[in-house]
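Engineer: Next up is a structure, given as structure tokens.
The values are calculated or read from the model by the stated rules, or taken from the named source; none is laboratory data. Note that the structure is a prediction, hence the values are computed from the model and not measured. Cβ atoms come from the backbone with ideal geometry, glycine included; neighbour counts cover every protein chain shown.
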Amino acid sequence: MTTTVYRSGLVPVIGRPNVGKSTLVNALVGHKISIVTSKPHTTRHAILGVLTEADFQAVFIDTPGLAARSGKLINRAMNKAVVGAIEGADIVFFVLEAGKWTAADANALQLISRSNLPCILIINKIDRIKPKTKLLPFMQTVSERHEFMEIIPVSATNNVNLDRVKDMLVTNLPEQEALYDAEMLTNRGIRFRVAEILREKLMQNLHQEVPYGLGVEINELEEDKSGRLHIDATIWVDRESHKGIVVGRGGESIKKIGSAARQEMQEVLDKAVHLKSRVKLKKNWSDNAQALNELGYDGEV
């Protein structure tokens, strides 16, 4: 009689900002776990995305892009989240953008090397590299930088080669029972997820330096007797001049952003949502430990 081997483990997804880590995790899990924008440092926390299949469970840890050393507490908090994700991990995914190698990539690889964990190199955004003949020489060059378990070129956006990524997990995760219930997709609750959805819409719609000084705090989240969810949110900005930009002329900008956020919240939560938001100034909140704790960075600053 053959006994089926089950495998499971923690897989932190590490890399510099904007290489597509969140898009990769979302694509592998098959659900939107992390918000995604074209701007660096969209992800600010370590977020679990759980993929459960018949023979394995991979608990991906979507991490912030490893930031350059900075005096700001928020950057240190994000870096701390990356370091913490590696502790106790089983396999590391190191994500690169196809055709690009920077000092920030070297910094991320150095952190991974110090961990002595088995590492799979994921070369993302291969759909953007032109001509395609440039990909193989790039793969050869980066393969010499570290002893990778495997190098897998993918396009997370287009779901290219993701089955190969899963195959590597089936054969290389430790033999053990699932770490979480099969129904679990993420460790983050509703309050966190709705705050992130609102922050995503803010980042997508504000095209100046404003997005990097934005924080979202959920003041109230209550469900009425009809099942409608009432959400009261505060959007924090760190400069007085940014309040007007977020609100827009006649409130046009905040209305547009709020509408987009509400629609996605309804889709994600599968229930009616009433969203009320206001914009307030909290000077230099990203370098204030108390403000960061209030915004969910407790344990990370």
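Engineer: Could you list, in sequence order, all residues of the stretch 244-301 that are among the acidic types (Asp, Glu) and more than 24 Å from Ile190 (Cα to Cα)? Write out each step before concluding.
Structural biologist: Within the stretch 244-301, the subset among the acidic types (Asp, Glu) is 252, 264, 267, 270, 287, 294, 298, 300.
Of everything in the stretch 244-301, those that are among the acidic types (Asp, Glu) and more than 24 Å from Ile190 (Cα to Cα) turn out to be Glu252, Asp287.
Engineer: Also, I was wondering about something else. Among the candidates Val237, Val194, which residue alone is touching a residue at least 24 places away in the same chain (Cβ under 8 Å) and more than 19 Å from Ser259 (Cβ to Cβ)?
Structural biologist: Numbers: Val194 fails: more than 19 Å from Ser259 (Cβ to Cβ).
None of the others qualify; the one that does is Val237.
Engineer: Now for a different question. Could you tell me which numbered condition Thr37 fails, if it satisfies all but one of (1) of a type in the set (Val, Ile, Thr); (2) in contact (Cβ under 8 Å) with a residue 40 or more places away in the chain; (3) within 14 Å of Ala85 (Cβ to Cβ)?
Structural biologist: So Thr37 meets the others, but not (3).
Engineer: Can you name the condition, by its number, that Glu267 falls short on among (1) surrounded by 13 or more Cβ atoms within 10 Å (Cβ to Cβ); (2) assigned to a helix (DSSP H, G or I)?
Structural biologist: Unmet condition: (1).
Engineer: Could you look through the stretch 59-74, keep only residues that are out of contact with any Lys or Arg (no Cβ under 8 Å at 6 or more places or on another chain) and among the small types (Gly, Ala, Ser), and pick out the one that is surrounded by the fewest Cβ atoms within 10 Å (Cβ to Cβ)?
Structural biologist: The initial filter retains those residues of the stretch 59-74 that are out of contact with any Lys or Arg (no Cβ under 8 Å at 6 or more places or on another chain), namely 59-61, 67-69, 71-73.
Then drop every residue that is not among the small types (Gly, Ala, Ser), which leaves 67-68, 71.
Working: Ala67: 20, Ala68: 11, Gly71: 7.
Only one residue tops the list, namely Gly71.
Engineer: Suppose the filter is within 21 Å of Asn288 (Cβ to Cβ) and surrounded by fewer than 18 Cβ atoms within 10 Å (Cβ to Cβ); does Glu209 pass it?
Structural biologist: Working: within 21 Å of Asn288 (Cβ to Cβ): yes; surrounded by fewer than 18 Cβ atoms within 10 Å (Cβ to Cβ): yes.
Yes, satisfied.
This table checks each residue for (1) in contact with a helix residue (DSSP H, G or I) (Cβ under 8 Å, 6 or more places away or on another chain); (2) surrounded by 20 or more Cβ atoms within 10 Å (Cβ to Cβ); (3) assigned to a helix (DSSP H, G or I); (4) of a type in the set (A, V, I, L, M).
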site: Lys39; (1), (2), (3), (4): yes, no, no, no
site: Arg44; (1), (2), (3), (4): yes, yes, no, no
site: Arg76; (1), (2), (3), (4): no, no, yes, no
site: Val82; (1), (2), (3), (4): yes, yes, yes, yes
site: Val95; (1), (2), (3), (4): yes, yes, no, yes
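Engineer: Looking at Asp224, Asp238, Asp287, Asp232 in this structure, which one is under 26 Å from Val82 (Cβ atoms) and either surrounded by 19 or more Cβ atoms within 10 Å (Cβ to Cβ) or more than 22 Å from the chain's Cα centre (by Cα) (or both)?
Structural biologist: On the way: Asp224 fails: under 26 Å from Val82 (Cβ atoms); Asp287 fails: either surrounded by 19 or more Cβ atoms within 10 Å (Cβ to Cβ) or more than 22 Å from the chain's Cα centre (by Cα) (or both); Asp232 fails: under 26 Å from Val82 (Cβ atoms).
Step by step, each of Asp224, Asp238, Asp287, Asp232 is checked, and only Asp238 is under 26 Å from Val82 (Cβ atoms) and either surrounded by 19 or more Cβ atoms within 10 Å (Cβ to Cβ) or more than 22 Å from the chain's Cα centre (by Cα) (or both).
Engineer: Another question, if that's okay. Considering each of Leu173, Leu162, Leu169, Leu198 in turn, give the residue that is in contact with a helix residue (DSSP H, G or I) (Cβ under 7 Å, 6 or more places away or on another chain), surrounded by 21 or more Cβ atoms within 10 Å (Cβ to Cβ) and either of a type outside the set (S, T, N, Q) or at pLDDT 95 or above (or both).
Structural biologist: Details: Leu173 fails: in contact with a helix residue (DSSP H, G or I) (Cβ under 7 Å, 6 or more places away or on another chain); Leu162 fails: surrounded by 21 or more Cβ atoms within 10 Å (Cβ to Cβ); Leu169 fails: in contact with a helix residue (DSSP H, G or I) (Cβ under 7 Å, 6 or more places away or on another chain).
Exactly one residue qualifies, and that residue is Leu198.
Engineer: Next question, about the same structure. Would you call Ile91 surrounded by 19 or more Cβ atoms within 10 Å (Cβ to Cβ), in contact with a strand residue (DSSP E or B) (Cβ under 9 Å, 6 or more places away or on another chain) and either of a type in the set (Lys, Arg) or over 18 Å from Thr186 (Cα atoms) (or both)? Show your work before the answer.
Structural biologist: Numbers: surrounded by 19 or more Cβ atoms within 10 Å (Cβ to Cβ): yes; in contact with a strand residue (DSSP E or B) (Cβ under 9 Å, 6 or more places away or on another chain): yes; either of a type in the set (Lys, Arg) or over 18 Å from Thr186 (Cα atoms) (or both): yes.
Spelling it out, Ile91 is indeed surrounded by 19 or more Cβ atoms within 10 Å (Cβ to Cβ), in contact with a strand residue (DSSP E or B) (Cβ under 9 Å, 6 or more places away or on another chain) and either of a type in the set (Lys, Arg) or over 18 Å from Thr186 (Cα atoms) (or both).
Engineer: Do we have any residue at all in the stretch 137-150 that's among the β-branched types (Val, Ile, Thr) and assigned by TED's automatic domain parsing to the domain that holds Val95? Let's see the steps before the verdict.
Structural biologist: First pass over the stretch 137-150, keeping only residues among the β-branched types (Val, Ile, Thr): 141-142.
With assigned by TED's automatic domain parsing to the domain that holds Val95 added as a condition, the list becomes 141-142.
Yes, there is a match, as at least one residue in the stretch 137-150 is among the β-branched types (Val, Ile, Thr) and assigned by TED's automatic domain parsing to the domain that holds Val95.
Engineer: Taking the stretch 110-132 as the region of interest, how many residues are in contact with a Leu (Cβ under 9 Å, 6 or more places away or on another chain), under 14 Å from Arg16 (Cβ atoms) and of a type in the set (A, V, I, L, M)?
Structural biologist: Matching residues across the stretch 110-132 total 4.
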